[in-house]
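The values are calculated or read from the model by the stated rules, or taken from the named source; none is laboratory data. In this text the structure is predicted, and so the values were computed from the model without any measurement. Please note: Cβ atoms are built from the backbone with ideal geometry, for glycine as well, and neighbour counts cover all protein chains shown. Side chains included, ligands, DNA and RNA excluded: accessible areas come from the protein's heavy atoms. Shrake-Rupley method; radii C 1.70, N 1.55, O 1.52, S 1.80 Å.
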Amino acid sequence: MADDLIKQIQDAPDLQALDALRVAALGKSGSITALLKSLGAMDADTRTKEAPKIHAQREAVSNAIAARKDALEAAVLEQRLATERVDLSLPSDAIPVGSVHPVSQVMDELAEIFADLGFAVAEGPEIEDQWHNFTALNMPEAHPARAMQDTFYVQPRNEGEEPRVLRTHTSPVQIRSMQALGAPLRIIAPGRVYRSDSDATHTPMFHQIEGLVIDRDIHMGHLKWTLETFLKAFFERDDVAIRMRPSYFPFTEPSAEIDIGWSMEKGRRVVGGQEGWMEVLGSGMVHPRVIAAAGLDPDEWQGFAFGTGVDRLAMLKYGMDDLRAFFDGDLRWLKHYGFSF
Ligand code: PHE
């Protein structure tokens, strides 16, 4: 009978069938359990004779169950490994990756170019007090130049406080840098600026980069060389022509607007050549009053400053035509014009 049972155990097709056999043999009312129980009713002599046989049967049956269980489990595992194997040759799902926004890309390019010329990067707050944004830059209260830049005013927190402004240009960083670092000084200040203006070429928020050099014996030749060198490096062309046009800014004297030459290439207007001119920068020698307002002696220190729109530079270099697209967050546009990491 035990041989028969062992044969059934060895042939058990799966773990459930095996467990049914185990219960039938070794369970509470199993056949082997019944044999073991029968020992109690035997007289001592018979029991001495039968007990080893019955125990041997129980042993054989439970060994057979354990062996079959191992074999079946191994088979199940093998089956799982075969069907669940990761197929490394399958193409993976495309993971969407972002790109560097053209404004960030151009800011990085500018910082790199000016780093080579010895300029450090400076920063200032976007919510600025009127003294830094206007007064110290030689734009006293009621000065008509304050009206030139359509200013966003920020409601003061406490009554009687002067309202602050969203900075209308990066020029207040000139003042903050001179105050914090003294002279000599060579900085650029890239960042966001705000004016209440909106059309295809104006957005209420845009980006500027400011440049400031303060030292002894600085003159306009230094300004011209610096801007020419920077524009050639930025547009990656040696034939970038520049033209300085007299202009007016309250914080520079004399002031000059910088135009660069453009020409038509493959039906597109590109930087380089001299078929026409377009304005790209404001600049000039830092007004002595500005130097004094920042706490430096204008008889000892002179300097030049310049400012330009980063977004415009990006449009010119990479051929984009609507400034507003910069800030729409349209993924197709970002994918087209963005830079990969
Ligand atoms: N702040 C000026 C503007 O926003 C640009 C400028 C900067 C001009 C520095 C001269 C010197 O238009």
**OP:** Principal axes first, then extents: for the Cα atoms of the chain, list largest minus smallest coordinate on each axis, whole Å, largest first.
**Re:** 128, 59, 38
Original post:
What is the magnitude of the charge dipole of the stretch 206-322 about its Cα centre, with +1 placed on the Cβ of each Lys and Arg, -1 on the Cβ of each Asp and Glu, and no other charges, expressed in debye to the nearest 20?
Top reply: 320
Original post:
Can you list the lysines whose alpha carbon is less than 23 Å from that of K335, not counting same-chain residues fewer than 8 positions off?
Top reply: K317
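Would you mind working out the accessible area per residue for the stretch 199-341, using a 1.4 Å probe, and quoting it in Å²? Please list the in-between numbers first.
Details: 7110 Å² over 143 residues.
About 50 Å² of surface per residue is accessible.
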Subject >> Average accessible area per residue (Å²) across the stretch 32-181 - probe 1.4 Å, nucleic acids and ligands excluded >> reply: 63
**OP:** Over all alpha-carbon pairs in the stretch 106-179, figure out the percentage whose distance exceeds 15 Å.
**Re:** 61
Subject >> Listed residues E50, E210, E141, most fluctuating in the chain (Gaussian network, C-alpha, under 10 Å) >> reply: E50
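Give the whole-number value, in cubic angstrom per residue, of the convex hull volume spanned by the C-alpha atoms of the stretch 184-341. Mind dumping the intermediate values first?
Working: hull volume 22.8 nm³, N = 158.
Taking the convex hull of the Cα positions in the stretch 184-341, it is 144 Å³ per residue.
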Original post:
Using a Gaussian network for the chain with springs between C-alpha atoms less than 10 Å apart, which of these wobbles most: V193, V271, V86?
Top reply: V86
Subject >> Helix 15-26 vs. the chain, principal-axis angle (Cα, 0 to 90°, nearest 10) >> reply: 40
**OP:** Report the dimensions of the stretch 54-203 along its three principal axes from the alpha-carbon atoms, largest first, rounded to Å.
**Re:** 113, 45, 39
Original post:
Mind listing the phi-derived Karplus ³J(HN,Hα) values for the stretch 296-305, rounded to whole Hz, using 6.51, -1.76 and 1.60 with θ = phi - 60°, and x for any glycine or proline?
Top reply: 10, 8, x, 6, 9, 10, 10, x, 10, 9
Original post:
Once every DSSP H run of n ≥ 4 in the chain is given -39500 (n - 2.57) and the sum is divided by its residues, what mean residue ellipticity at 222 nm do you get, rounded to the nearest 500 deg cm²/dmol?
Top reply: -13000 deg cm²/dmol
Original post:
What is the set of long-range amide H partners of S247 at a cut-off below 5 Å, with H atoms built 1.01 Å from backbone N?
Top reply: S255, A256, E257
Original post:
In terms of the ratio Rg/(2.2 N^0.38 Å) built on C-alpha atoms, what value belongs to the stretch 144-271?
Top reply: 1.28
Subject >> Angle between the chain longest axis and helix 220-235 axis [Cα atoms, degrees, rounded to 10] >> reply: 40
Subject >> Whole-percent carbon and sulfur share, accessible surface of the chain, 1.4 Å >> reply: 53
Original post:
By average Cβ neighbour count within 10 Å, what is the ranking of 33-39, 254-260 from highest down?
Top reply: 254-260, 33-39
Subject >> Mean separation of Cα contacts under 8 Å, 6 or more apart, over the residue count of the stretch 232-307: relative contact order % >> reply: 25
Original post:
Using modelled amide H (1.01 Å from N, peptide plane; none on Pro or chain starts), what sits under 5 Å from the amide H of A241, excluding residues fewer than 5 places away?
Top reply: G261, G272, G273
Subject >> Principal-axis tilt of helix 102-116 within the chain, Cα atoms, nearest 10 degrees >> reply: 60
Original post:
Can you list the lysines whose alpha carbon is less than 16 Å from that of K224, not counting same-chain residues fewer than 8 positions off?
Top reply: K232
**OP:** Mind putting a number on the dipole of the chain about its Cα centre? Charges go on the C-beta only, +1 for Lys and Arg and -1 for Asp and Glu, and I need it in Debye to the nearest 20.
**Re:** 1140
Original post:
Got a number for the accessible area of H207? Probe 1.4 Å, square angstrom, nearest 10.
Top reply: 20
Original post:
log10 I(q)/I(0), Debye, Cα-only the stretch 15-112, no solvent, q = 0.13, 0.18, 0.24 Å⁻¹?
Top reply: -0.71, -0.93, -1.17
Original post:
Between the DSSP loop rule and a limit of at most 16 other Cβ atoms within 10 Å, which trypsin sites (Lys or Arg not before Pro) in the stretch 214-244 are left?
Top reply: R216, R237
Subject >> Pairs of alpha carbons in the stretch 180-229 whose separation is greater than 14 Å (percent) >> reply: 65
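Mind ranking E84, E59, E128 by accessible surface for me, highest first, 1.4 Å probe? The partial results should precede the final answer.
On the way: E84 120, E59 95, E128 5 Å².
I get E84, E59, E128, largest accessible area first.
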Original post:
Of P91, P102, P204, which is the most mobile in a GNM of the chain whose springs link Cα atoms less than 10 angstrom apart?
Top reply: P91
**OP:** Take the Cα coordinates of the stretch 243-333, assign each an equal point scatterer, and use the Debye formula without solvent to give log10 I(q)/I(0) at q = 0.17, 0.21, 0.22 Å⁻¹.
**Re:** -0.83, -0.99, -1.03
Subject >> Unit charges at the beta carbon, dipole of the chain: most positive-side option, G267, A233, L21 >> reply: L21
